[in-house]
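Before any comments, here is the structure.
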Amino acid sequence: MSFVEWSSKYDTGVELIDADHQTLFATINMIHDRAEEGLDADIIGRAITVLTMYVDRHFAREEALMDVHGYPDLVSHIAIHRRISEKVHGFQTAFAENPDTISTEPFLKFLREWLTEHILKCDMDYLPYVSSKPD
C-alpha cells in the first residue's frame, strides 16, 4: 500500500496540474519507500532534491495558470505556496547538511497532509476560474 494514494477525488480536470499532482504523489511515495528500506542517505537526499525541484516547477505552473485566468485570490495562494516551498527547501538543506540527525517521517507526514489538503481545499477553489475559460 502506498504512503499516499492518488484517487479521482484529487482530479482538477486540468491535465498538466493533475499530472504534476500525480508525480508529486509518486515522488513522496518513492521517498517513503526508500526511507523504509533503509537505503543510504545519498539516495534519499537525491529523491528529496528531485521533489524540491518538482514542487518549485509545479507551483510556478499553477501560479501562471491562475494569473492568466485572473484568479482573484492569487496573492494568498502564492503565499501558501511560498510557506510550503520554504519548508521543503529547509528540509532539503537540513538533510543535506546532516542526514543522520534528520528523520524523514515528520517531513513525509507534512508532505502527505500538504498535498492532500492543499489539492482538496486550495486548488479546488481556483478551478471555477480556470475551467470556465479556454487555455
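Assorted remarks:
- Surface analysis of the range 20-135 yields an accessible area of 53 Å² per residue, using protein heavy atoms and a 1.4 Å probe.
- Rolling a 1.4 Å probe across all protein chains gives E5 an accessible area of roughly 90 Å².
- Charged side chains reduced to their Cβ positions (Lys and Arg at +1, Asp and Glu at -1) give the range 27-84 a dipole of some 180 debye around its Cα centre.
- Extreme residue, positive dipole direction of the chain, given options Y129, S85, V55 (C-beta unit charges): Y129
- Counting only protein chain heavy atoms and rolling a 1.4 Å probe, the accessible areas of I78, I119 rank, largest first, as I78, I119.
- Share of carbon and sulfur in the accessible heavy-atom surface of the range 42-106 [1.4 Å probe, %]: 56 percent
- Computed on the range 40-124, with alpha-carbon pairs under 8 angstrom and 6+ residues apart, the relative contact order is 36 percent.
- Three-way shape call for the range 1-93 based on the alpha-carbon gyration tensor, with the a/c threshold at 1.5: oblate
- Kirkwood hydrodynamic radius of the range 61-135, Cα pairs, Å: 14.0 Å
The values are calculated or read from the model by the stated rules, or taken from the named source; none is laboratory data. Only a predicted model underlies this, so the values are computations on that prediction, with no experimental measurement involved. Cβ coordinates were reconstructed from backbone atoms using ideal geometry, including for glycine residues, and neighbour counts include every protein chain displayed. Side chains included, ligands, DNA and RNA excluded: accessible areas come from the protein's heavy atoms. Shrake-Rupley method; radii C 1.70, N 1.55, O 1.52, S 1.80 Å.
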